[in-house]
Amino acid sequence: MKRIISLATVLVAVLALSGCDKKTSDDLKKKAEDASKSIAADAKEAADKGIAKGKELAKKAEPKIEELKNKAKEAAKDAEPQLKALGEKAKEATSSAVEKVKEAVGATPTPTP
C-alpha cells in the first residue's frame, strides 16, 4: 500500500514536470506509464492476496457454521413440544374468550343511570 502511494506521488510529480522540453517530456511520459503499470500490478496483487485470505477464513469458518446449524436444529427439536403445548393453551384461551364474549352479549345489559 505504501508503495502504491509512493508511485502515485511520483506519477503526480512526473505529470507536473511534463512542461519540459520534448525529450524530457517523452521520458516523463514513459516513467508515468511505467509507474501506472506498477501501481496497477501492485493493486492487483493486493486484491488477490485479500481474496485468498477471505477464502481461507471462509474455509476455517465452515466447520463452526455446520456446528451452529446442528445446534440450532437440536434446539428446534427440543422446543417443538413446548411450542405445541403453548399452541394448545392459546387455542383454549381463545375458545374461553369467545365463550365469555358470547355470554356477555347474551346477558341482559344493565341500564346506565
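Coordinate-derived values only; no laboratory data. Note that this is a predicted model, so its numbers are computed, not measured. No Cβ is skipped: glycine too gets one built from the backbone with ideal geometry, and neighbour counts run over all protein chains shown.
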Practice item. Return the sequence-ordered ³J(HN,Hα) values of region 58-64 in whole Hz as given by the Karplus equation 6.51 cos²θ - 1.76 cosθ + 1.60 applied to θ = phi - 60°, using x for Gly and Pro. Key: 5, 5, 5, 7, 4, x, 5
Check your understanding: Near Lys31, which lysines are there with a Cα under 23 Å away, not counting those fewer than 8 places off in the same chain?
Key -> Lys2, Lys22, Lys23, Lys44
**Study point:** Set of lysines near Lys100 by C-alpha distance (under 26 Å), chain-local residues within fewer than 8 positions excluded
**Key:** Lys84, Lys89, Lys91
Revision key, fill the gap. Ordered by fewest other Cβ atoms within 10 Å, a rough proxy for footprinting exposure, Glu103, Glu33 read Glu103, Glu33
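Please compute the length gained on full extension between Ile4 and Ala97, using 0.36 nm multiplied by the number of residues separating them and subtracting their Cα-Cα distance.
Residue separation times 0.36 nm, minus the Cα-Cα distance, leaves 26.2 nm.
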Check your understanding: Once phi is turned into θ = phi - 60°, what whole-Hz ³J(HN,Hα) does the Karplus curve with 6.51, -1.76 and 1.60 give for every residue of region 98-103, x standing for Gly and Pro?
Key -> 4, 4, 5, 5, 4, 5
Study note, to complete from the structure: Rounded to two decimals, the Rg over Rh value of region 45-110 from Cα coordinates and the Kirkwood Rh reads 1.58
